[in-house]
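Heads up: the structure comes next, in structure tokens.
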Amino acid sequence: MSKNREELLVILGPTASGKTSFSVNLSKYFQAEIISADSMQVYRDMDIGTDKIDKELQKLIPHHLLDIISPEEEFSVAEYKEKARKKIAEISSRDNIPVMVGGTGLYIRSVLENYTLPDLPDDKIRNKLKDFADRRGEKGRKMLHARLRGIDPAYARKIHHNDVKRVTRALEVFYLTGKTRTYYGYLQSKMPPPYRDLKLGIWRKRQKLYDRIDSRVEEMFDEGLLEEVKTLREKYNFSKTAGQALGYKELFSFLEGEINLDEAKELIKKRTRRLAKKQISFFKRDKDIVWFNPDDWQSYEDCLLEAVNLISKSFDSVEFNFKLKHAGI
């Protein structure tokens, strides 16, 4: 790899896997600054429901791209890519290591892979396609997928007809640009990676992960999630994206009288497990990720030190402090 490219450490994984605490503990071994790669943590005041890192812990390790927009605003992958790359350059200029941490795969991919898919959203086209699928159900989804298959058969083979979001996005791109998703993928494959990156994935066995999800949801309610949602509902007119955030969407339904509180809580757990499953499927396609399961190690610190060892072999500029102990968060 060329040594004139900036170094970038990425810590990723499904929700509730423990990647945030792992990144903070790991970053204490070297001069690091963390860049969030979470599509919901960009929103101000949405703290408990997005499991945003505690403000006191943020003082220990500088964090970036948290609380940068109002819940009333939309935020695209292209906007994230631009801001993240600026932060990487700033952090590198301070001779610190940028550490990107999160579970939003498209955010991470856009930064690492010279993601070239144009950000040309057209709500009229997108909503028309989505409404078509919604109104016609299974038949409509299959018809949209068939339309994509006629335009871009190679990409259509990679996605299921029920993945309406990706199908409609591919159709939208074609209608706006005249180019297929496969074409943009080809352009991307011909471009060199922008960074010397190392990707570490944090995972847990399925039942362990689901137990952690259930526990985290209970903790969020204990910490005041319902009160947070009530306050933000009065303060903001939530954007479409922010309004879909797990924990908020379900409690909006509760506050509207559509479901009771127990039903809302169970829905949050169920949908969070579903999200984790999707994240795992997304990341498993990347064969360059080195996976760590902290439960497989004799101690948490042993797991951290193995990661430190891997980083030291991958990056030239990192100086480590092995006298530090992890915070146990």
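We did not get these values from a lab; they are worked out from the coordinates using the rules stated. Since the structure is predicted, the reported quantities are computational estimates derived from the model, not experimental observations. Here the Cβ positions follow ideal geometry from the backbone for every residue, glycine too, while neighbour counts run over all protein chains shown.
Per residue of region 174-185, in order, report the coupling 6.51 cos²θ - 1.76 cosθ + 1.60 (Karplus, θ = phi - 60°) as ³J(HN,Hα) in whole Hz, putting x for Gly and Pro.
So the J values, rounded to whole Hz, are 5, 5, 8, 10, x, 10, 8, 5, 5, 4, 5, x.
What number, rounded to the nearest 500 deg cm²/dmol, is the helix-based mean residue ellipticity at 222 nm of the chain, given -39500 (n - 2.57) per DSSP H run of at least four residues and division by all its residues? Working shown, then result.
Details: 13 runs with 172 residues, N = 329.
Roughly -16500 deg cm²/dmol at 222 nm, from the helical runs in the chain.
Quick one: Karplus J couplings for region 161-168, per residue in order, coefficients 6.51, -1.76, 1.60, θ = phi - 60°, nearest Hz, x for Gly and Pro?
5, 7, 7, 4, 4, 6, 5, 5
For His64, which sequence-distant residues (separation of 5 or more, or a different chain) have an amide H within less than 5 Å of its own amide H, given hydrogens modelled in the peptide plane?
Close amide H contacts, sequence-distant or interchain: Ile34, Ile35, Ser36.
What area, in nm² and to one decimal, does the C-alpha convex hull of region 123-189 cast on average over all directions?
Details: hull surface 16.8 nm².
Seen from a random direction, the Cα hull of region 123-189 projects 4.2 nm² on average.
Which aspartates and glutamates does Lys205 reach when only Cα atoms under 15 Å apart count, and residues fewer than 8 places away in its own chain are ignored?
Qualifying aspartates and glutamates at Cα under 15 Å: Asp214, Asp295, Asp296.
Rounded to whole Hz and in sequence order, give me ³J(HN,Hα) for region 32-48 from the Karplus expression 6.51 cos²θ - 1.76 cosθ + 1.60, θ = phi - 60°, writing x for Gly and Pro.
10, 9, 9, 10, 5, 10, 10, 5, 9, 6, 6, 8, 5, 6, 8, 9, 5
For Lys179, which aspartates and glutamates qualify as cross-link partners when the Cα separation must be under 14 Å and same-chain residues fewer than eight apart are set aside?
By straight Cα distance, Lys179 reaches Asp119, Asp152.
On a C-alpha basis, how far is the centre of region 258-282 from the centre of region 3-56 in Å? Whole number, if you could?
22
Calculate the FRET efficiency for Glu258 and Lys313 from the Cβ-Cβ distance with a Förster distance of 45 Å, rounded to the nearest 0.05. Show your work: numbers first, answer last.
Numbers: r = 53 Å, r/R0 = 1.19.
According to the calculation, E is roughly 0.25.
Provide the gained length on full extension for the span Gln207 to Asn4, in nm with one decimal, where the gain is 0.36 nm per separating residue minus the Cα-Cα distance.
Numbers: separation 203, 0.36 × 203 = 73.08 nm, distance 4.31 nm.
Between Gln207 and Asn4, full extension yields an extra 68.8 nm.
Per q in 0.11, 0.14, 0.15 1/Å, what log10 I(q)/I(0) does a Debye calculation on the alpha-carbon atoms of the chain return?
-0.79, -1.27, -1.42
How much length is gained if the chain between Glu219 and Lys55 is pulled fully straight, taking 0.36 nm per residue apart and subtracting their Cα-Cα distance, in nm to one decimal? Before the final figure, lay out the partial values.
Details: separation 164, 0.36 × 164 = 59.04 nm, distance 1.73 nm.
Contour length minus Cα-Cα distance gives 57.3 nm.
Mind checking which of Ile268, Ile68, Ile289 has the largest fluctuation in a GNM of the chain, springs on alpha carbons under 10 Å?
With Cα springs under 10 Å in the chain, the top fluctuation among Ile268, Ile68, Ile289 is at Ile68.
Grab the beta carbon distance between Leu176 and Leu275, set R0 = 35 Å, and tell me the FRET efficiency rounded to 0.05. Walk me through the numbers before you get to the answer.
On the way: r = 28 Å, r/R0 = 0.81.
Taking R0 as 35 Å, the efficiency between Leu176 and Leu275 is 0.80.
Between Tyr186 and Glu82, what is the label-point separation in nm under the 7 Å Cα-to-beta-carbon projection?
Roughly 2.9 nm, to one decimal.
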